[in-house]
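S.K.: Right, I'll just put the structure down here and ask away after.
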Amino acid sequence: MRQVIYKDTPYSVYSKPEYSGVVGISSGGIYEIPEALSQELQDQFLQGSRVVTILNQQIAENSTENETTRMILFSRQSGQYGYLIHTPLPLELLAGKSGKELIDLAVLELKKAEFPDMIQQLVALSSPEKIIQRPYYIHRATVPTSNQPKWNMGRVVLAGDAAHGMPPFMAQGANQGLEDAAVMTTLVAEIHKQNQWDDMAAIETAFSKYEALRRPLMERVQYATLTRLPLSSGQHRQEYAQQVYTRNIEEIMQTLL
Ligand SMILES: Cc1cc2nc3c(=O)[nH]c(=O)nc-3n(C[C@H](O)[C@H](O)[C@H](O)COP(=O)(O)OP(=O)(O)OC[C@H]3O[C@@H](n4cnc5c(N)ncnc54)[C@H](O)[C@@H]3O)c2cc1C
């Protein structure tokens, strides 16, 4: 849709998403591992939980990069494990990698990030048929205002990932898409009520209101996603929660009308 609405405009550069620099590598489901390794993982990491996030704190703190290698490790029951690794990688290194080659790449990245042997062993045992990779892309909400592409053209308006797709590190993509939908349906219902379907100025005003409300929040959410600042301290967490979770959506809707 972006390619259609930005075609032959100064915004055509924003038709396609930008690689975020980070890839997800997933086991593609649960698989069995030997009992001894399972016990080590339970004792060291899971300690009775079904899911944990693992990262090398020392590397994360000393890194100048926004992103360091992380693993979400989950266990269904004793001996059954799955994972999702987020790791910064150039796209060229990832291209075409699957099966055993992808397992080797994942193990290498964990080694570079100094993850313990038991985690490397776990990944080395992944099923080559199931392991999958997915580079994460972003449509940045923050762009130079001199060349900022509007989210709408005529009767077409972007919402969800098409407007502001982002990596899933703060679990906000779908949530923000739903908020877009809530705002947009409120505005479109008003257009219907006023019978303004052929009034392009009214439609433009509605879409501009939507973007003016949503873009600044998306800038903050994407910033938090890319830097993971809210996870770094209690104060940052509180500020982020204030911005993202404690808004009264009904009050916001009222301001639109
Ligand atoms: C690993 C992972 C974990 C995530 N975890 C979370 C989370 O915990 N919380 C959260 O809020 N978000 C999460 N997200 C993000 C969330 O999945 C997305 O933000 C959300 O799905 C975007 O919804 P959307 O409707 O905007 O786009 P999509 O879900 O991409 O829907 C677009 C649809 O349009 C279809 N389509 C594309 N082109 C055409 C065409 N030309 N004609 C017709 N149909 C077309 C596509 O097939 C697709 O079905 C996660 C994402 C990933 C990858």
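S.K.: Inspect the range 148-155 for any residue being more than 18 Å from His86 (Cα to Cα) and either within 13 Å of the ligand (Cβ to nearest atom) or assigned by TED's automatic domain parsing to the domain that holds Ala36 (or both) and give the result as yes or no. Explain how you work it out, then say what you get.
M.R.: Step one: of the range 148-155, the residues more than 18 Å from His86 (Cα to Cα) are 148-155.
Then drop every residue that is not either within 13 Å of the ligand (Cβ to nearest atom) or assigned by TED's automatic domain parsing to the domain that holds Ala36 (or both), which leaves 151.
Yes, the conditions are met somewhere in the range 148-155.
S.K.: Just for helices (runs of 4 or more DSSP H) wholly inside the range 180-257: which have at least 2 residues that are modelled with pLDDT of 95 or more?
M.R.: Hits in the range 180-257: 200-227.
S.K.: Does the range 159-172 include one or more residues that are surrounded by fewer than 15 Cβ atoms within 10 Å (Cβ to Cβ) and more than 16 Å from the ligand (Cβ to nearest atom)?
M.R.: So far as the range 159-172 goes, no, none of its residues is surrounded by fewer than 15 Cβ atoms within 10 Å (Cβ to Cβ) and more than 16 Å from the ligand (Cβ to nearest atom).
Let's see how each residue does on (1) farther than 16 Å from Ile72 by Cβ; (2) of a type outside the set (A, V, I, L, M, F, W, C); (3) more than 16 Å from the ligand (Cβ to nearest atom):
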residue	(1), (2), (3)
Leu91	yes, no, yes
Ala95	yes, no, yes
Asp104	yes, yes, yes
Val123	no, no, yes
Ser127	yes, yes, yes
Ile131	no, no, no
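S.K.: A further question on this structure: Residues being within 28 Å of Leu91 (Cα to Cα) and in a strand (DSSP E or B): count how many of those fall in the range 1-50.
M.R.: Total meeting the criteria: 10.
S.K.: Which numbered condition in (1) exposed (fewer than 15 other Cβ atoms within 10 Å of the Cβ); (2) in contact with a Pro (Cβ under 6 Å, 6 or more places away or on another chain); (3) within 29 Å of Leu226 (Cβ to Cβ) is the only one that Ser49 fails?
M.R.: Just one mismatch for Ser49, condition (2).
S.K.: Note down all Cβ pairs under 8 Å where the first residue falls in the range 153-175 and is over 22 Å from Ala241 (Cα atoms), the second is within 7 Å of the ligand (Cβ to nearest atom) and not polar (S, T, N, Q), and they're at least six residues apart or on different chains.
M.R.: Listed pairs, sorted by first residue: Ala159/Gly177.
The values are calculated or read from the model by the stated rules, or taken from the named source; none is laboratory data. On a predicted model such as this, the values are computed, not experimentally measured, just so you know. Glycine gets a Cβ as well: all are built from the backbone with ideal geometry, and neighbour counts include every protein chain shown.
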